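First comes the structure, then the notes that go with it.
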Amino acid sequence: MKRIIFCDFDGTITVSETFVAVLKHFAPQLSAQLIPQMYARQLTLREGVRRILESIPSSRYSEILEFTQQEPIRLGFTELLDFLEAKQVPLVVVSGGLRGMVEVVLGDLIQRLHAVHAVDADTSGEYLQVNSEFEGGTELVAKVQVMEKYLADETIAIGDSLTDLNMALATPMVFARDRLAQYLTEHQKPYIPWNNFLEIRDYLAKLWK
(Lines give C-alpha, C1' and ligand atoms only; values in the text may rest on other atoms or scores of the structure.)
Protein backbone atom coordinates (compact mmCIF):
# COMPACT_ATOMS: atom_id res chain seq x y z
CA MET A 1 0.00 0.00 0.00
CA LYS A 2 1.32 3.42 -0.97
CA ARG A 3 0.78 6.03 1.73
CA ILE A 4 1.54 9.75 1.83
CA ILE A 5 1.20 12.47 4.46
CA PHE A 6 0.44 16.12 3.66
CA CYS A 7 1.44 18.46 6.48
CA ASP A 8 0.84 22.17 6.98
CA PHE A 9 3.78 24.25 8.18
CA ASP A 10 2.69 27.39 9.99
CA GLY A 11 1.24 26.69 13.44
CA THR A 12 1.52 22.97 12.68
CA ILE A 13 5.23 22.24 12.33
CA THR A 14 5.96 25.56 14.05
CA VAL A 15 4.69 26.07 17.58
CA SER A 16 2.97 29.37 16.80
CA GLU A 17 1.28 30.98 13.80
CA THR A 18 4.53 32.39 12.41
CA PHE A 19 3.11 33.60 9.12
CA VAL A 20 0.28 35.48 10.81
CA ALA A 21 2.85 37.07 13.14
CA VAL A 22 4.90 38.15 10.10
CA LEU A 23 1.87 39.72 8.43
CA LYS A 24 0.91 41.57 11.63
CA HIS A 25 4.48 42.78 12.22
CA PHE A 26 5.32 43.92 8.69
CA ALA A 27 1.86 45.15 7.60
CA PRO A 28 0.07 45.90 10.89
CA GLN A 29 -2.74 48.14 9.66
CA LEU A 30 -3.77 46.04 6.68
CA SER A 31 -3.46 42.84 8.71
CA ALA A 32 -5.68 44.23 11.47
CA GLN A 33 -8.30 44.95 8.81
CA LEU A 34 -8.08 41.80 6.67
CA ILE A 35 -7.05 38.89 8.92
CA PRO A 36 -10.33 38.88 10.91
CA GLN A 37 -12.23 38.93 7.61
CA MET A 38 -10.25 35.89 6.40
CA TYR A 39 -10.86 33.93 9.61
CA ALA A 40 -14.57 34.75 9.35
CA ARG A 41 -14.43 33.58 5.71
CA GLN A 42 -15.75 36.93 4.48
CA LEU A 43 -12.56 37.38 2.41
CA THR A 44 -10.65 34.60 0.65
CA LEU A 45 -7.16 33.65 1.73
CA ARG A 46 -6.10 34.11 -1.87
CA GLU A 47 -7.13 37.77 -1.94
CA GLY A 48 -6.33 38.71 1.66
CA VAL A 49 -2.87 37.19 1.92
CA ARG A 50 -1.88 38.54 -1.48
CA ARG A 51 -3.00 42.08 -0.57
CA ILE A 52 -1.08 42.03 2.70
CA LEU A 53 2.13 40.52 1.31
CA GLU A 54 2.17 42.80 -1.71
CA SER A 55 1.94 45.85 0.57
CA ILE A 56 5.33 44.97 2.12
CA PRO A 57 8.46 46.57 0.58
CA SER A 58 10.84 44.05 -1.01
CA SER A 59 13.67 45.62 0.97
CA ARG A 60 12.19 44.07 4.13
CA TYR A 61 12.22 40.46 2.88
CA SER A 62 15.51 39.64 4.63
CA GLU A 63 13.98 41.00 7.86
CA ILE A 64 11.03 38.64 7.41
CA LEU A 65 13.39 35.66 7.21
CA GLU A 66 15.34 36.86 10.28
CA PHE A 67 12.07 37.36 12.16
CA THR A 68 11.13 33.76 11.36
CA GLN A 69 14.46 31.99 11.79
CA GLN A 70 14.33 31.31 15.52
CA GLU A 71 10.76 30.00 15.47
CA PRO A 72 10.62 26.76 17.50
CA ILE A 73 9.47 23.51 15.88
CA ARG A 74 6.71 21.55 17.58
CA LEU A 75 7.75 18.60 19.76
CA GLY A 76 8.24 15.29 17.99
CA PHE A 77 8.60 16.41 14.37
CA THR A 78 12.04 14.83 13.95
CA GLU A 79 10.80 11.64 15.61
CA LEU A 80 7.83 11.53 13.23
CA LEU A 81 10.22 11.88 10.27
CA ASP A 82 12.34 9.02 11.68
CA PHE A 83 9.25 6.82 11.93
CA LEU A 84 7.99 7.71 8.44
CA GLU A 85 11.40 7.05 6.88
CA ALA A 86 11.47 3.61 8.51
CA LYS A 87 8.00 2.94 7.06
CA GLN A 88 8.96 4.51 3.69
CA VAL A 89 6.06 6.95 3.88
CA PRO A 90 6.82 10.35 2.28
CA LEU A 91 5.86 13.60 4.01
CA VAL A 92 4.96 16.59 1.83
CA VAL A 93 4.83 20.06 3.41
CA VAL A 94 2.07 22.22 1.94
CA SER A 95 2.19 25.78 3.23
CA GLY A 96 0.00 28.77 2.51
CA GLY A 97 2.94 30.94 3.62
CA LEU A 98 6.29 31.87 2.14
CA ARG A 99 8.72 29.18 0.98
CA GLY A 100 11.66 31.16 2.38
CA MET A 101 10.14 30.99 5.87
CA VAL A 102 9.74 27.21 5.64
CA GLU A 103 13.35 26.84 4.53
CA VAL A 104 14.93 29.00 7.24
CA VAL A 105 12.95 27.35 10.05
CA LEU A 106 13.48 23.74 8.95
CA GLY A 107 17.09 24.09 7.86
CA ASP A 108 18.66 20.67 7.20
CA LEU A 109 15.33 18.91 7.88
CA ILE A 110 14.22 20.11 4.42
CA GLN A 111 16.33 17.32 2.91
CA ARG A 112 14.22 14.74 4.74
CA LEU A 113 10.94 15.96 3.24
CA HIS A 114 9.56 14.52 0.02
CA ALA A 115 8.63 18.01 -1.22
CA VAL A 116 7.69 21.54 -0.11
CA HIS A 117 4.90 23.50 -1.80
CA ALA A 118 4.51 27.14 -0.72
CA VAL A 119 4.23 30.74 -1.91
CA ASP A 120 7.27 32.16 -3.71
CA ALA A 121 8.20 35.81 -3.17
CA ASP A 122 9.56 37.93 -6.02
CA THR A 123 11.67 40.74 -4.55
CA SER A 124 12.74 42.33 -7.85
CA GLY A 125 10.24 45.21 -7.60
CA GLU A 126 9.61 47.87 -4.96
CA TYR A 127 7.05 45.68 -3.19
CA LEU A 128 6.86 41.91 -2.78
CA GLN A 129 5.09 40.06 -5.56
CA VAL A 130 3.76 36.61 -4.74
CA ASN A 131 3.72 33.64 -7.09
CA SER A 132 2.18 30.23 -6.55
CA GLU A 133 2.19 27.28 -8.92
CA PHE A 134 -1.03 26.07 -7.29
CA GLU A 135 -3.05 29.27 -6.91
CA GLY A 136 -6.75 28.58 -7.30
CA GLY A 137 -10.20 28.89 -5.79
CA THR A 138 -10.02 30.63 -2.42
CA GLU A 139 -6.34 29.82 -1.81
CA LEU A 140 -2.92 31.13 -2.85
CA VAL A 141 -1.73 27.55 -2.46
CA ALA A 142 -4.69 25.32 -3.30
CA LYS A 143 -3.74 22.35 -1.16
CA VAL A 144 -6.18 19.94 -2.80
CA GLN A 145 -4.55 20.73 -6.16
CA VAL A 146 -1.17 19.85 -4.65
CA MET A 147 -2.52 16.56 -3.30
CA GLU A 148 -3.86 15.62 -6.72
CA LYS A 149 -0.28 15.60 -8.03
CA TYR A 150 0.51 12.56 -5.91
CA LEU A 151 -0.81 9.04 -6.35
CA ALA A 152 -1.41 7.10 -3.13
CA ASP A 153 -3.74 4.44 -1.74
CA GLU A 154 -3.93 6.21 1.62
CA THR A 155 -3.60 9.95 2.28
CA ILE A 156 -3.34 11.66 5.65
CA ALA A 157 -3.52 15.39 6.42
CA ILE A 158 -2.06 17.25 9.40
CA GLY A 159 -3.08 20.84 10.08
CA ASP A 160 -4.22 23.54 12.44
CA SER A 161 -6.08 26.38 10.72
CA LEU A 162 -8.23 27.79 7.93
CA THR A 163 -5.56 27.25 5.25
CA ASP A 164 -5.89 23.50 5.88
CA LEU A 165 -9.68 23.25 5.71
CA ASN A 166 -10.08 22.27 2.05
CA MET A 167 -7.22 19.78 2.34
CA ALA A 168 -8.79 18.28 5.46
CA LEU A 169 -12.24 17.98 3.90
CA ALA A 170 -10.70 16.12 0.94
CA THR A 171 -8.67 13.68 3.05
CA PRO A 172 -10.02 10.50 4.70
CA MET A 173 -7.80 10.76 7.81
CA VAL A 174 -7.08 14.15 9.38
CA PHE A 175 -5.06 15.14 12.43
CA ALA A 176 -6.50 18.53 13.44
CA ARG A 177 -5.90 21.02 16.20
CA ASP A 178 -6.80 24.63 17.05
CA ARG A 179 -8.94 26.49 14.46
CA LEU A 180 -8.97 23.57 12.01
CA ALA A 181 -10.58 21.34 14.64
CA GLN A 182 -13.29 23.98 15.16
CA TYR A 183 -13.95 24.31 11.42
CA LEU A 184 -14.13 20.51 11.00
CA THR A 185 -16.56 20.24 13.90
CA GLU A 186 -18.77 22.79 12.12
CA HIS A 187 -18.56 20.68 8.95
CA GLN A 188 -19.24 17.47 10.93
CA LYS A 189 -16.03 16.00 9.51
CA PRO A 190 -14.34 13.44 11.80
CA TYR A 191 -10.75 14.19 12.85
CA ILE A 192 -8.09 13.00 15.28
CA PRO A 193 -7.11 15.71 17.82
CA TRP A 194 -3.40 16.16 18.50
CA ASN A 195 -0.99 18.41 20.38
CA ASN A 196 2.45 17.21 19.27
CA PHE A 197 3.98 14.96 16.62
CA LEU A 198 4.83 12.19 19.10
CA GLU A 199 1.09 11.60 19.44
CA ILE A 200 0.73 11.33 15.66
CA ARG A 201 3.70 8.96 15.43
CA ASP A 202 2.29 6.73 18.18
CA TYR A 203 -1.18 6.69 16.63
CA LEU A 204 0.19 5.69 13.22
CA ALA A 205 2.53 3.10 14.76
CA LYS A 206 -0.50 1.31 16.25
CA LEU A 207 -2.54 1.72 13.07
CA TRP A 208 0.19 0.37 10.77
CA LYS A 209 1.24 -2.67 12.82
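The values are calculated or read from the model by the stated rules, or taken from the named source; none is laboratory data. Since we're looking at a predicted model, the values are computed, not measured. In this analysis, Cβ positions are derived from the backbone assuming ideal geometry, glycine residues included, and neighbour counts consider all displayed protein chains. Just so you know, the surface numbers come from the protein's heavy atoms only, side chains and all, with ligands and any DNA or RNA stripped out. Shrake-Rupley method; radii C 1.70, N 1.55, O 1.52, S 1.80 Å.
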Once Glu79 and Ala205 are pulled to full extension, the length gained, defined as 0.36 nm per residue separation minus their Cα-Cα distance, is 44.2 nm
Everything considered on the Cα gyration tensor (a ≥ b ≥ c; rounded for a/c under 1.5, else prolate if a/b is larger than b/c, else oblate), the chain must be described as prolate
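Where a ≥ b ≥ c are the square roots of the eigenvalues of the C-alpha gyration tensor, would you call region 53-93 rounded, which needs a/c under 1.5, or, failing that, prolate if a/b is larger than b/c, or oblate?
On the way: a/c = 4.87, a/b = 2.57, b/c = 1.89.
It is prolate, given that a/c is not under 1.5 and a/b is the larger ratio.
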Region 145-209 and region 38-77 have their Cα centres apart by a whole-number Å value of 22 Å
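So how do Asp120, Asp108, Asp164 rank on accessible area, 1.4 Å probe, biggest first, that is with the largest at the start?
Asp108, Asp120, Asp164
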Measure of exposure for His114: accessible area at 1.4 Å probe, Å² rounded to 10, is 110 Å²
Contact order relative to length for region 81-209, counting C-alpha pairs under 8 Å separated by 6 or more residues, stands in percent at 15 percent
Of the candidates Leu140, Ser59, Pro90, the farthest towards the positive dipole end of the chain (Lys/Arg Cβ +1, Asp/Glu Cβ -1, centred on the Cα centre) is Pro90
Summing -39500 (n - 2.57) over every DSSP H run of at least 4 in the chain, dividing by its residue total and rounding to the nearest 500, the 222 nm mean residue ellipticity is -12000 deg cm²/dmol
Listed by chain and number, the residues whose amide H is under 5 Å from that of Glu135, excluding neighbours fewer than 5 places away on the same chain and using placed H, are Ala142
For region 80-151, the dipole about the Cα centre with charges only on Cβ (Lys and Arg +1, Asp and Glu -1), to the nearest 20 debye, works out at 300 debye
A correct Karplus calculation of ³J(HN,Hα) over region 153-164, with 6.51 cos²θ - 1.76 cosθ + 1.60, θ = phi - 60°, whole Hz and x for Gly and Pro, returns 7, 9, 10, 10, 10, 10, x, 9, 8, 4, 5, 9
With a Förster distance of 22 angstrom and the Cβ-Cβ distance between Asp178 and Gln69, calculated FRET efficiency to the nearest 0.05 equals 0.45
When the charge dipole of the chain is computed with +1 at the Cβ of Lys and Arg and -1 at the Cβ of Asp and Glu, the Cα pointing farthest to the positive end, of Leu113, Thr155, Tyr127, is that of Thr155
About its Cα centre, region 132-209 carries a charge dipole, from +1 on Lys and Arg Cβ atoms and -1 on Asp and Glu Cβ atoms, whose size in debye to the nearest 20 is 300 debye
Quick note, region 104-153: a/c under 1.5 would make it rounded; otherwise a/b > b/c is prolate and the rest oblate (a ≥ b ≥ c, C-alpha gyration tensor); here it is oblate
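So if I place +1 on the C-beta of Lys and Arg and -1 on the C-beta of Asp and Glu, and nothing else carries charge, what would the dipole magnitude of the chain be about its Cα centre? I want it in debye, nearest 20.
540 debye
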Carbon/sulfur accessible area of region 52-191, % of total, 1.4 Å probe, equals 45 percent
